[in-house]
Structures are given as C-alpha cells and as structure tokens.
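I'd like to ask some things about the structure below.
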Amino acid sequence: MSEVFHLGLTKAMLKGAKIAVVPGDPARSERIARRMDKPEFLASTREFTSWLGYLGNEPVVVCSTGIGGPSVSICVEELAQLGVRTFLRVGTTGAIQPYINVGDVLVTTGAVRLDGASRHFAPLEYPAVADFACTNALYNAAVAQGVTPYVGITASSDTFYPGQERYDTFSGKVYPAFQGTLKQWQDLNVMNYEMESATLLTMCAALGLKAGMVAGVIVNRTQQEIPNETTIKSTEEKVVSVVIEAARRLASA
Ligand SMILES: O=P(O)(O)O[C@H]1O[C@H](CO)[C@@H](O)[C@H]1O
Ligand SMILES: O=c1cc[nH]c(=O)[nH]1
C-alpha cells in the first residue's frame, strides 16, 4: 500500500535510499537502474516509473518525473517524504549556443525560471541554483569518463514550443512575450533549454534538499530542430554514465 499520493512507493521499498536519480522519460528509469547493482522494479504510476539499484552498499532510487515542473514537484516532494535528500536530474536538452555540439554534456549551475511551479516554492527573486556538491560530483564524474562538460546556466521552460521560441509548423505562432527570447538568452550566455531544472533547483534549495542537473545535447537550435534517433541513444548513454558515477561519488562521500 503506497505511503504517498502518486508514486506508489513506501519507505520499505526504498530501503533507506537517500539519493534519487530523476530522469524525465519514464523509459529511462529502467535503463539507468540496470546500470547499477541488483536493479529492482518498484512501481509505475502515471509518468512516475521507479526502480531501485545499488551503488556499492548504497541504495539509490530512480524515479522519472515526466515532463515539466508540476510533475517534478510531486516526484521530489513524495520522494522527500520517503527519506530522499539528494536529487540528480539527468535529461536531454536543446543547446542554443553555436559552439555547443550535439552529443555534448552540460552541467547546470543555475536555471532561468521560465516555469510556473517554482513560484509556488519561492518568489522569482529567489535563484534556481544547484547544490555545489552535486554540481562538483557531476562535473568530476564527467571528466573522469573523458568528457569535459560545459558548465553554466540553463533556461527552463514550462513549454517546449512557445517558451523555447519554436514557431511550430501548425500555427506559426509564438506569443509576443517569447518572441526574440532565444536570441536574448544566447546573448546572456545561457547554454540550453530544457523543462524541469527551474522547479527542481528552486524547490530543493528552498526546502533544504540537494539537487544537481546534467543533460545531453540532442539538438542545437542554431543548426537543426529534429534530433537523430542514434544520437539520442548515444548521448543518453553518455549522460547516464555520468549521473551514475556522480551518484556513486555522493553516496561514498
Ligand atoms: O529528456 P528529459 O529528461 O525528459 O528532458 C527534456 O526532454 C523533454 C522534452 O522533450 C523535457 O522533459 C525536457 O526537459
Ligand atoms: O530542445 C529541446 C530538446 C530537449 N528538451 C527540451 O526541452 N528542449
């Protein structure tokens, strides 16, 4: 019997896990857990698919957040109720700087709060910043695997289309408030767009939880709009390796 509203999980199922790896895509949960020891399926409800794995003696829960801030906030809140204190998001992303390539790895230090959910945890003046130890672990894990990540700011939007200034082929519309914003964030040295880090980083900082964020670049918005399936797979494998190594380092710290 679930002890939380949505996730279908209990404290006993988490075996005392203090660290969670939180991808957006539910299908990614199993792929991540299977890279750990003793992978075990826990539950699948709505967008939340949960697995448990071990890194050494340390249990680590993997739970997908689905897309966007509201569902991230539920995932984090309910995992925290079950004892989790550290959250590592591993996602895909669209780069907006011309020098960042598809396949590159990005570690987010802070997010531009283009979401709504983070405002339910702290006013807009409050920064969406990553935890230093999580960021350090993600950066060092990447370097240890021969990958030098870009480190910096991510624009985190509630919408994939207008909020990331995609003039979709159906309507051709982007609401005026978002017209010109891709160029604006480029000029302000923002690395990329994704959809969860603003909520994750704001709520974790505000609630006294730790959070970090790593993403693999699957498109560069200055070059193309549609990602290549093979590239998505290889990029995902790369960032999954990084997040698992980072979790291992945090677990043994
Ligand atoms: O690959 P995930 O983790 O889902 O992350 C990115 O992909 C989704 C959009 O396609 C959004 O969730 C965005 O943040
Ligand atoms: O461009 C992109 C690619 C992945 N995820 C996003 O949110 N945006």
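Would you kindly state how much longer the chain becomes between F132 and S44 on full extension, computed as 0.36 nm times their sequence separation minus their alpha carbon distance, in nm to one decimal? Please report the intermediate quantities before stating the final value.
Numbers: separation 88, 0.36 × 88 = 31.68 nm, distance 3.12 nm.
The F132-S44 span can extend by a further 28.6 nm.
Sticking with this one: Under 12 Å from the Cβ of S64, count the other residues' Cβ atoms, weight Lys and Arg +1, Asp and Glu -1, and hand me the total. Don't jump to the answer; show the numbers that get you there.
On the way: positive: R28, R31, R46, R89; negative: D25, E30, E47, E196.
Computed value for this residue: 0.
For T10 and A27 in the same chain, what is the full-extension length gain: residue separation times 0.36 nm, less their Cα-Cα distance, in nm? Provide the component values of the computation, followed by the final result.
Values: separation 17, 0.36 × 17 = 6.12 nm, distance 2.12 nm.
The T10-A27 span can extend by a further 4.0 nm.
Enumerate by residue number the chymotrypsin sites (Phe, Trp or Tyr not before Pro) in segment 54-127 meeting two conditions: DSSP loop (anything except H, G, I, E, B), and at most 12 other Cβ atoms within 10 Å of the site's Cβ.
Details: sites: Y54, F87, Y99, F121; in loops: Y99, F121.
Sparse-neighbourhood loop chymotrypsin sites (Phe, Trp or Tyr not before Pro): Y99.
Which value, in Å² and to the nearest 10, is the accessible area of H6 when all protein chains are kept and the probe is 1.4 Å?
It works out to around 50 Å².
Taking the Cα centre of the chain as the origin and placing charges on Cβ (Lys, Arg +1; Asp, Glu -1), which of V219, V76, A128 is farthest toward the positive end of the dipole?
V76
Can you give the accessible area of I226, probe radius 1.4 Å, in Å² rounded to 10?
140
Another question, if that's okay. Hey, what did the chain get for relative contact order, percent, Cα under 8 Å, at least 6 apart? Don't skip to the end; give the middle numbers.
Numbers: 583 pairs, mean separation 63.1, N = 253.
Reported as a whole number, the value is 25 percent.
Out of the total accessible area of the chain (probe 1.4 Å, heavy atoms of protein only), what percent is carbon and sulfur?
Values: 6160 of 11070 Å².
Using a 1.4 Å probe with all protein chains present, the chain comes out at 56 percent carbon and sulfur.
Something else about it: Once you sort the root eigenvalues of the Cα gyration tensor of segment 115-182 as a ≥ b ≥ c, which label holds: rounded (a/c under 1.5), prolate (a/b larger than b/c) or oblate (the other case)?
Judged from the Cα gyration tensor, segment 115-182 comes out oblate (a/c at least 1.5, b/c at or above a/b).
Distance check, please: which entries in K15/K233; K38/K238; K183/K210; K210/K238; K38/K233; K11/K210 exceed 25 angstrom between their Cα atoms?
Numbers: K15/K233 30 Å; K38/K238 21 Å; K183/K210 31 Å; K210/K238 23 Å; K38/K233 23 Å; K11/K210 19 Å.
Exceeds cut-off: K15/K233; K183/K210.
Return an integer: the convex hull volume of the alpha-carbon atoms of segment 134-253, in Å³ per residue.
Values: hull volume 14.8 nm³, N = 120.
Roughly 123 Å³ of hull volume per residue.
Please give the contour-minus-distance gain from T148 to L188: 0.36 nm per residue of separation, less the Cα-Cα distance, rounded to one decimal in nm. Before the final figure, lay out each step's value.
Values: separation 40, 0.36 × 40 = 14.40 nm, distance 2.19 nm.
Taking T148 through L188 to full extension adds about 12.2 nm, to one decimal.
Project the alpha carbons of the chain onto their principal axes and report the range along each, largest first, in whole Å.
49, 39, 33
Using unit Cβ charges (K, R positive; D, E negative) and no other charged atoms, how large, in debye to the nearest 20, is the dipole of the chain about its Cα centre? Kindly include the intermediate steps, with their values, before the conclusion.
Details: 22 positive and 24 negative charges, 84 e Å.
Here the chain has a charge dipole of around 400 debye.
For E236, what accessible surface area do you get with a 1.4 Å probe? Give it in Å², rounded to 10.
The accessible area of E236 comes to roughly 20 Å².
Also: List the extent of the Cα atoms of segment 208-253 along each of their three principal axes, largest first, rounded to whole Å.
40, 23, 11
Can you give the % of DSSP beta bridges in the chain that are antiparallel, to the nearest 5? Please list the in-between numbers first.
Details: 19 of 48 bridges.
In the chain, DSSP labels about 40 percent of beta bridges as antiparallel.
What is the sum of charges, Lys and Arg at +1 and Asp and Glu at -1, for the other residues whose Cβ falls under 10 Å from the Cβ of I19? Intermediate values should be presented prior to the final figure.
Values: positive: K18, R85, K210, R248; negative: E58.
Computed value for this residue: +3.
Determine the calculated [θ] at 222 nm for the chain from helices alone, applying -39500 (n - 2.57) to every DSSP H run no shorter than 4 residues and normalising by the residue count; nearest 500 deg cm²/dmol.
Working: 7 runs with 79 residues, N = 253.
It comes out at -9500 deg cm²/dmol, rounded to the nearest 500.
The values are calculated or read from the model by the stated rules, or taken from the named source; none is laboratory data. Note that this is a predicted model, so its numbers are computed, not measured. No Cβ is skipped: glycine too gets one built from the backbone with ideal geometry, and neighbour counts run over all protein chains shown. For accessibility, only protein heavy atoms count, side chains too; no ligands or nucleic acids. Shrake-Rupley method; radii C 1.70, N 1.55, O 1.52, S 1.80 Å.
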